[in-house]
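Notes for the one structure printed next.
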Amino acid sequence: MNILGIETSCDETAAAVVRDGRAVLSSVVFSQIRLHAPYGGVVPEIASRNHVQKLPGVVEQALAEAGVGWDAIDGVAVTYGPGLASSLLVGLSLGKALAMRLGKPLIGINHLEAHLYSIFLGADVPSADDTGAFLALLVSGGHSCLVHVQGPARNRVLGQTLDDAAGEAFDKGANLLRLGYPGGPAIDKASREGRRDLVKFPRSFQGRGRKKSDAAACAFSFSGVKTALLYYLRDNPETLADLGRVRDVAASYQEAIVDSLLKSTGRALQRIDCSVLAVVGGVSLNARLREKAAALAARHGRDLRLAEPRFCADNAAMVAGLAGAGEGVRGAAAFELDAEPNLTL
Ligand code: KG4
Ligand code: ZN
């Protein structure tokens, strides 16, 4: 069964064709990063206008690269939330129109559930059935949470961020360090040659966790580290003129974010009986997070599972994949869907 997936929740215009929920025949992503970079963040009006302009071509390219015609498409899957309302509407409207025109099912997909599914994309990786329940650290530009995934789209959120998402902390930190946008890749790159121990930035929730409630033990907070960086730069204004020093501060800042993420992840691992730890979402591309997550998983005797890099950040293969696995809103209810900017797991 071939599903056409459409994803327009933020600043990536994406379409993909996935067979039987696993084999990715094509995955096309038009990144709007260049268009938003001058503003230091995503501008919703620019995002939706570009989705309108680019999406039809991106969908046609996804079919062409998959080597299939419209007659080979058995269903259309589209992200309906969470995300930017005006961006979601573009994908949802095209998805509805295509499904109607083709006379095929429309499947509404939750973007966060799609990220959780991303580790199952690819014919050679273990399937959802083989993996069973797992713990996922979902870290993106808009979300940071620890989730006990009991099956595709059967999720229990153990804890989440109390303020910023991890990706936001990277983006805002990079902005303060004048490293450009998007901040995650910029801090990742700058940190490679930086001293991680130059500044001891605060880690959230480093106190003893055993007596805390599950939600408190598995929560995150990044406003403290962001404020600490702001104060550091105010008190050490010479930093920004010295690239070597910027790299050191970036590496120290990244280390604090990674440690905070993994502290709560370790606590969740103590509470959850499963053999796999997955890290998904755009921030899972971070080299230091990958390295330390691997060490954490090994310490706890768990297998670390990451999606292929091209499926970590926003893409439509994860949307089509989850629909191909039988999940999502279906039938007449799918055609009734509206964009849901605040949809949760
Ligand atoms: O999952 P995603 O593509 O979009 C959302 O659903 O939000 O995640 C985007 C986030 C951005 O905040 C970006 O800075 C971050 O992922 N990111 C990274 C890296 N690559 C992307 N953060 C840290 N290190 C990276 N290498
Ligand atoms: Zn995302």
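The figures follow:
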quantity: Residue list for segment 261-287, restricted to those being within 16 Å of ligand 1 (Cβ to nearest atom), outside any helix (DSSP H, G or I) and either at pLDDT below 95 or on the phi < 0 side of the Ramachandran plot (or both); calculated: Ala278, Val279, Val280, Asn286
quantity: Residue within segment 33-41 that is part of a loop (DSSP other than H, G, I, E, B), within 15 Å of ligand 2 (Cβ to nearest atom) and either more than 18 Å from the chain's Cα centre (by Cα) or crowded, with 21+ Cβ neighbours inside 10 Å (or both) present; calculated: no
quantity: Restricting segment 224-262 to residues that are in contact with a Ser or Thr (Cβ under 9 Å, 6 or more places away or on another chain) and among the polar types (S, T, N, Q), the residue that is nearest to Asn286 (Cα to Cα); calculated: Gln254
quantity: Single residue of segment 46-85 satisfying the filter (assigned to a helix (DSSP H, G or I) and within 16 Å of ligand 2 (Cβ to nearest atom)) that is nearest to Ala334 (Cα to Cα); calculated: Ala85
quantity: Residues (out of contact with any strand residue (DSSP E or B) (no Cβ under 8 Å at 6 or more places or on another chain) and either touching a residue at least 12 places away in the same chain (Cβ under 8 Å) or on the phi > 0 side of the Ramachandran plot (or both)) located in segment 300-332; calculated: Gly301, Glu308, Pro309, Ala325, Gly326, Gly331
quantity: Of all residues making up segment 290-304, the number that are buried (at least 19 other Cβ atoms within 10 Å of the Cβ) and within 18 Å of Tyr117 (Cα to Cα); calculated: 0
quantity: Segments classed as helices (runs of 4 or more DSSP H), wholly inside segment 110-219, with at least 2 members that are away from ligand 2 (no atom under 16 Å from the Cβ), of a type in the set (Asp, Glu) and surrounded by fewer than 17 Cβ atoms within 10 Å (Cβ to Cβ); calculated: 128-131
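For every residue, the table says whether it meets (1) polar (S, T, N, Q); (2) farther than 16 Å from Asp314 by Cα.
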site: Glu113; (1), (2): no, no
site: Pro126; (1), (2): no, yes
site: Gly132; (1), (2): no, yes
site: Ala136; (1), (2): no, yes
site: Val139; (1), (2): no, no
site: Gln150; (1), (2): yes, yes
site: Arg154; (1), (2): no, yes
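The values are calculated or read from the model by the stated rules, or taken from the named source; none is laboratory data. Just so it is clear, the model here is predicted, and its values are computed rather than measured. Here the Cβ is made from the backbone with ideal geometry for all residues, glycine too, and neighbour counts use every protein chain on show.
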